[in-house]
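Worksheet: one structure, shown below.
Read-outs: derived from the displayed coordinates by stated rules, not from any lab. Everything quoted here is computed from the prediction, not taken from an experiment. FYI the Cβ positions are ideal-geometry reconstructions off the backbone, even for glycines, and counts take in every protein chain you see.
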């Protein structure tokens, strides 16, 4: 979990605070799992690891601020063009998607590759 919290009722977490922490915890854990590869072989999950290369490149462009706006300003005719950095980030995700497909089809579901 991202935030450390304790429940007084250890049998079953109920109530408002449980749902509050679940709403905060889920998106943060999802982003962490999709952008940071697992370091332990015990945490290997082929489905999650197949998405990591694609989201990793996209998240780098987002963190550096290249994806602030998808559309550039309109030209004199009123036509809007797509931001060039957004296009580059989409094209740079293609190798990540290929690597993700290789991970999905060329690795065992329960164990990471031997070289990891």
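Given their separation in residues at 0.36 nm each and the Cα-Cα distance between them, residue 46 and residue 98 gain 17.3 nm when the chain is fully extended. Panel note: the C-alpha atoms of segment 16-106, placed on their principal axes, show extents of 56, 44, 19 Å (largest first). Label separation (residue 22 vs residue 68): 3.8 nm, computed from points 7 Å beyond Cα along the C-beta direction.
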